[in-house]
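The values are calculated or read from the model by the stated rules, or taken from the named source; none is laboratory data. Being a predicted model, the structure only gives us computed values, none of them experimental. With ideal geometry, Cβ positions are generated from the backbone for all residues, glycine too; neighbour counts draw on all protein chains shown.
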Amino acid sequence: MPKLTKQQIIILSIMAVAILYGIYDFYIVPRTKTDSLNPGEKTAEVEAFMADVTAKMTKGSLSAAAVYAINRAETEWQRDPFYEKKSFSDWKMFKEPKAGKDSKAEPGFNYSGYLKLDKKEMVIINGVEYESGSNMEIEGYVLEKIYPDRIVIVNKKSRSRVEVPLQE
């Protein structure tokens, strides 16, 4: 048998210790039985804990800083910090109904996504994917043209066109 190197001796001794520990743990140490769970006792413990927590909670125990933070979180924003002025004005103009002679207000379209793969273009309007020329979920409307920054939607009945900017 060839002479073993120092590294091989260390590895073999660690392996021997691991095997001896496995034999000791598996055969020599007696296994203790786990207590069977009694659902009634656990339910009683949980109910007692909940009663204790409820009793310790008092109304109005918030600090002044916490009350201030909650009040600030609940107030309406004066302006949305995530919109640029131009995007916000485009969005606001889109949301306001157009005043016409006897035209009904157009339904709200939210153009939120654009995808171009090779020659195929797809858009996401109100959470639904469309291609150019496809009928929309809102009855009577067809997606006419797709541009990266806007889309053109046509009402079949009135032949009116609506340009919808991309909402970023």
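Would you call residue 163 within 16 Å of residue 108 (Cα to Cα) and part of a loop (DSSP other than H, G, I, E, B)? No: the conditions fail for residue 163. Among the residues making up segment 22-57, those that are in a helix (DSSP H, G or I) and either modelled with pLDDT of 95 or more or acidic (Asp, Glu) (or both) are 25, 41, 45, 47, 52. Which of the residues spanning segment 5-24 are loosely packed, with under 10 Cβ neighbours inside 10 Å and among the hydroxyl-bearing types (Ser, Thr, Tyr)? 5, the sole residue that qualifies. Taking the criterion of being assigned to a strand (DSSP E or B), surrounded by 15 or more Cβ atoms within 10 Å (Cβ to Cβ) and touching a Lys or Arg at 6+ places or on another chain (Cβ under 9 Å), the residues of segment 122-143 that qualify are 122, 141, 142.
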